[in-house]
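Notes for the one structure printed next.
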Amino acid sequence: MDISPNNLIFHELIGLFAEVSDSTNSSLVGIKGKVVDETRNLLVIGDKKIPKAYSTFIFSIPNNKVKVDGKLLVSRPEDRIKRRLRGGK
């Protein structure tokens, strides 16, 4: 399945370009770059570790930019991807 604004949160995020558009830690706002790693609670953009639950991200996908509340991403990447296979729940 191709990545789209509707299914982005169920896809692999490593390799996507992302920008922190909002965060409870104002020093993280504006960080941008390629997502190089992901854990249950963090996205690693370049060499910066960004807490998912307290940040909002803008992901660049082909022909689109998608704003995502990081709270929707909090889970182990493999579990989030499996949710898509079970109908997004």
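Each value in this text was obtained by applying a stated rule to the coordinates, not by laboratory testing. The structure presented is a predicted model; accordingly, all values stated were derived computationally and were not measured. Please note: Cβ atoms are built from the backbone with ideal geometry, for glycine as well, and neighbour counts cover all protein chains shown.
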In the stretch 14-56, trypsin sites (Lys or Arg not before Pro) in a DSSP loop with at most 15 other beta-carbon atoms within 10 Å: R40
Residue among N25, N63, N41 with the largest mean-square fluctuation in a Gaussian network model of the chain, springs linking Cα atoms under 10 Å: N63
Options G46, S75, V20, ranked by Cα towards positive dipole end of the stretch 8-85, top entry (Cβ charges): S75
Projected label distance in nm at D47 and N63, using a 7 Å step from Cα toward the beta-carbon: 3.8 nm
Over the chain, relative contact order from alpha-carbon pairs under 8 Å, at least 6 apart, %: 28 percent
Extent along principal axes [Cα atoms of the chain; Å; largest to smallest]: 37, 27, 19
Qualifying lysines (Cα of each under 16 Å from Cα of K34; at least 8 residues distant if same chain): K48, K49, K52, K65, K67
Residue exposure sequence - F59, F10 - by fewest surrounding Cβ within 10 Å: F10, F59
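How do D69, D79 line up, fewest other C-beta atoms within 10 Å first?
Least crowded to most crowded, the residues run D79, D69.
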